[in-house]
Every structure is written in structure tokens, then in C-alpha cells.
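One structure is given below, encoded as C-alpha cells.
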Amino acid sequence: MPESGKVVLRWLGAAGLELRAGWTTVVVDPFFSRFPFWRLWLGRVSPITGLASRHVPRCSHILVTHAHWDHLLDAPDLAKATGAMVLGSANTCRLAQAAGVDSRTIREVHPGDSVDLGAFRVEVFETTHGTVLGRPYNAGPLPPGLRFPARAGDYRMDVCLGFRFFVGGKPLLSLAGEKPEEVRPAPIVAVAVHKRPGYYRRLLETSGARVVIPIHWDDLFRSLGPAGQQPRPMLHPPALAWPPLRRMDVGVFRRLLSDIRPEVQVITPQVFEECDLSHWSGLYHERTYDGAPVSGGPPYGCAVVVFRRSRGRFEYLALHRSHEGPGYDSNWAWGPAAGARLPDETVDHCAARELKEETGLSADTCVQASGDNRDWPVYWLEAEKDATVRLSREHDRYAWLPLAEAVALSLPALVAQEYMSVAKEIGDPAIKEMVT
Ligand SMILES: [Zn+2]
């Protein structure tokens with residue numbers, strides 16, 4: 001188990017994910033060297049030298065779900081630059097070797113395997129790949145006489161693998177394939193955005209996931225911009241969209257999921273942006289800032305969103321943590337009152353205690369928001385218009401902000417979601433402009 005207890009995820013574009021805990025950095029399906037669509041039929045495709053290691057400077061393991069070019073193309077370069085071990089199917093391993101990866105750093109894995117990768121354990125299972133016009137896309141044995149750079153069509157899939165990640169013995173994240181029942185139970189799932197509602201209903205049932213991360217929705221034929229710049233979405237598979245030339249829409253996906261299960265959080269990471277998954281691994285909160293012991297089971301703690309009505313609009317209390325200095329404005333800088341639950345403490349008591357400690361407000365009318373976030377429930381409290389806020393040393397300033405501003409300041413997205421879920425529940429009209 002990593003000492004700091006932190007688990008950080010970065011979405012790397014397409015199906016690419018980076019998961020980092022302690023000294024272990026695992027990358028899934030790195031694909032950065034994009035080329036125009038017409039190149040699929042013409043000539044050979046080389047990865048752009050040095051691009052993969054620019055985006056992923058350190059990496060200990062590279063997992064490849066299947067051998068298609070949009071999952072494997074940059075893996076060999078990344079392995080060579082970082083010394084990372086490549087793990088995948090027989091076709092993936094042969095392609096990696098043909099691309100010049102040292103065979104000692106290639107490992108074939110099969111459905112049913114469970115492999116220890118430093119801070120993570122990864123379970124390998126078989127998934128179904130999507131079809132194109134009812135047929136498997138570019139599947140079968142590798143062509144004879146394979147040489148590099150290879151043609152896009154040489155990247156043939158033998159088996160399509162899914163991975164489930166464990167941290168500290170607990171499931172953390174599962175990848176989802178074409179069939180929702182193939183996903184493994186985990187608090188977080190990474191999934192494509194263009195499926196039908198029934199798919200997601202089944203997926204959430206099977207996985208029990210409380211967080212969904214959309215992946216593989218960006219245009220594969222366009223270079224990724226700088227970190228934080230949202231890429232152009234990919235075209236919908238024609239059979240699933242009307243009109244047929246329509247781009248995938250993460251906003252539509254988000255609304256669809258919120259209709260199916262309002263309590264499920266959709267986190268849409270900006271490309272290359274760090275997302276702290278520690279809430280969900282249940283590790284981050286094993287100790288508080290001052291080293292006090294924290295409950296070993298859920299709920300690990302809670303947040304209390306305080307709002308007031310001022311001049312006919314809702315304003316939310318945002319606190320700025322002092323731990324990284326007054327100028328710090330990144331992850332965990334701003335947010336509602338929140339804290340870890342002590343062993344044997346009820347979560348209601350935890351909410352009241354944290355609220356009092358961090359804001360000086362009393363929790364008499366504090367309400368637990370609906371939804372079923374068992375790990376980290378959210379409470380809300382309406383404060384008087386002129387209520388006095390008294391900060392503890394944990395925070396150095398506060399602000400009363402309209403929803404959009406409170407959400408914009410709160411990172412990672414999980415924290416912003418705490419404001420959003422309360423705004424929805426208390427009927428803040430500002431939520432209408434926020435749900436995108
Ligand atoms: Zn594929």
C-alpha cells in the first residue's frame with residue numbers, strides 16, 4: 001500500500017489512462033501519435049519519437065487491452081524510454097517485440113491472471129470488442145513478415161482484455177468493454193460514451209460503480225492539444241446516431257447517466273489533468289492531516305455544503321485550505337467543510353464536528369443529501385444571511401460564491417460535485433446552466 005495513500009489518475013486521450021500510487025505508475029493503452037484518417041489505408045505509421053515519454057515521463061508498467069493501433073502504437077516507444085514492462089495478449093507482445101522492445105520487459109497475460117504491479121494488483125479478464133457493421137474489426141493472427149514501422153492494418157487483435165485495478169486489497173477501477181455484464185465490481189469504471197441507456201443501466205448494476213469516467217470519445221485522427229485543452233470528440237458510429245454524422249457528446253452522456261442513477265458521479269477529466277481518486281480508494285483518509293486515526297470502513301468522512309440566500313440567489317461557502325500556502329489554487333485548495341470520520345464516530349456526528357471546527361457554525365439544521373455515496377456522504381446546511389464564519393487554522397480564507405464560481409474553484413471534480421449535488425437537491429436555479 002502506498003505510504004501517502006494517494007491514487008492519482010490521468011486520462012491520456014483515447015483509451016489511455018495513467019494510474020499512479022506511491023512509486024508505481026501504470027499506463028493503459030497509451031496512444032499519442034495521431035495521424036489523419038486516410039493514412040489507415042496508405043503506407044506505414046510510425047509513432048512520433050519522444051512524444052509518449054513527453055506525456056508520460058515515468059512509468060513502470062504498460063497494460064495493453066488489445067493490439068489495435070489506437071491502443072498499442074505508442075506503447076513500444078514508451079517502454080523503451082521508461083524501461084516499463086509491457087503486458088498484454090500474445091499479439092500485443094509480438095508487436096512490441098517486433099517494434100524493438102527488450103523481450104525481458106514484455107509479459108504475456110491471459111484472462112484469469114492476477115498480476116502484482118507494485119502498489120496495484122491487476123486482474124485480467126476477457127472482454128468483447130465492438131464490431132464494425134456487425135463484424136469484428138481487424139481481428140485474427142498477425143500478418144507474416146511483420147516489420148516496423150507497420151501498417152495500421154498490421155495491428156490485429158487476438159483477444160480483447162479488460163483490467164480491474166486493486167489498491168490496498170480493495171477494488172478501485174474496472175475497465176468496461178462492449179458487453180456491460182463483463183465489467184467487474186469496482187467503485188470506479190472507465191467506459192465509452194456512445195452506448196444506449198440499457199447498456200449503462202446494466203453496467204452500473206454489474207459494477208456497483210459510484211464514479212464513471214468517460215474515455216475513448218476524442219477524435220483519434222487529431223493530435224491532442226496541450227494539457228487541459230478538451231479535444232474534439234470522435235464521430236459516432238453511424239448505426240447508433242441520427243443524423244449519422246454526429247460527434248460524441250460527453251454532456252449528453254453525463255445527462256443520460258444522471259437520469260439513470262442521479263447519485264453516480266461522472267468525472268470528465270481534462271486530458272492529462274491529474275484526478276485524485278483517493279476518496280474512492282478509501283486510503284487518503286486513513287489519517288487526517290494531524291495524524292489522527294480515521295475509521296477503517298466507509299463512510300470515511302463527509303462534506304458539509306453550507307449555503308445562504310442573498311439578494312434572491314444562492315451563495316455557497318467555499319473554504320481555502322492553508323496547507324499549501326495562500327497562493328495555492330489546485331487540487332483540494334477550495335471546497336466545502338469536510339473531514340474524515342473518527343473510529344466509532346457516527347457520520348452525522350462527524351458532519352456536525354467538522355462543520356463546527358472549520359466554520360464555527362452549528363449543525364442544528366444540517367441535512368444529509370440524498371444519494372447513496374456510502375464512502376463520502378454530503379450534507380447541507382442553510383446559514384443565515386449574516387451568519388458569522390470562524391475559520392480554524394486549517395483554512396486561511398473563505399468566500400460566499402454563486403454555484404458556478406464555487407464549482408469552478410473546487411478541484412478535483414469530485415469536490416465540485418459536492419456543490420452540484422446539493423444545488424440540485426435544494427433547487428438552486430443556477431444548476432440549469434451548469435449541467436452540461
Ligand atoms: Zn480496438
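Please treat every number below as a calculation from the coordinates, not as lab data. Being a predicted model, the structure only gives us computed values, none of them experimental. With ideal geometry, Cβ positions are generated from the backbone for all residues, glycine too; neighbour counts draw on all protein chains shown.
At-a-glance table
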quantity: Burial ordering of 179, 432, 6, fewest other beta-carbon atoms within 10 Å first; calculated: 432, 179, 6
quantity: Extension gain (nm, one decimal) between residue 245 and residue 147, 0.36 nm per residue minus Cα-Cα; calculated: 31.7 nm
quantity: Over the stretch 292-436, equivalent-ellipsoid semi-axes from the Cα gyration tensor in Å; calculated: 22, 17, 16
quantity: Choice from 23, 332, 217 with maximal GNM fluctuation in the chain (Cα, 10 Å cutoff); calculated: 23
quantity: When each of 170/356; 170/432; 385/424 is checked by Cα-Cα distance, pairs over 27 Å; calculated: 170/356; 170/432
quantity: In range of the label at residue 388: residues from the stretch 339-381 whose backbone nitrogen is under 11 Å from the point 7 Å along Cα→Cβ; calculated: none
quantity: The chain: angle of helix 413-426 to the longest principal axis, Cα-based, in degrees nearest 10; calculated: 50
quantity: Over the chain: helical MRE at 222 nm, DSSP H runs n ≥ 4 each giving -39500 (n - 2.57), nearest 500; calculated: -5500 deg cm²/dmol
quantity: Between 0 and 90°, nearest 10: helix 197-207 axis offset from the chain longest Cα axis; calculated: 80
quantity: Net charge contributed by nearby residues that have their C-beta within less than 9 Å of residue 31 (K/R +1, D/E -1); calculated: -2
quantity: Column: log10 I(q)/I(0), Debye, Cα scatterers of the stretch 1-126, q = 0.14 Å⁻¹; calculated: -0.57
quantity: Shape metrics for the chain, restricted to C-alpha atoms - Rg then Dmax, Å; calculated: 22.9, 77
quantity: Protection-proxy order for peptides 116-122, 411-417, 248-254, 34-40, each taking the mean of Cβ atoms within 10 Å per residue, highest first; calculated: 411-417, 116-122, 248-254, 34-40
quantity: Loop sites in the stretch 378-429: chymotrypsin sites (Phe, Trp or Tyr not before Pro), DSSP, at most 15 other Cβ within 10 Å; calculated: none
quantity: Fraction of beta bridges assigned by DSSP in the chain that are antiparallel (%, nearest 5); calculated: 70
quantity: Average Cα contact separation per residue, the stretch 63-192, under 8 Å, 6 or more apart, as relative contact order %; calculated: 23
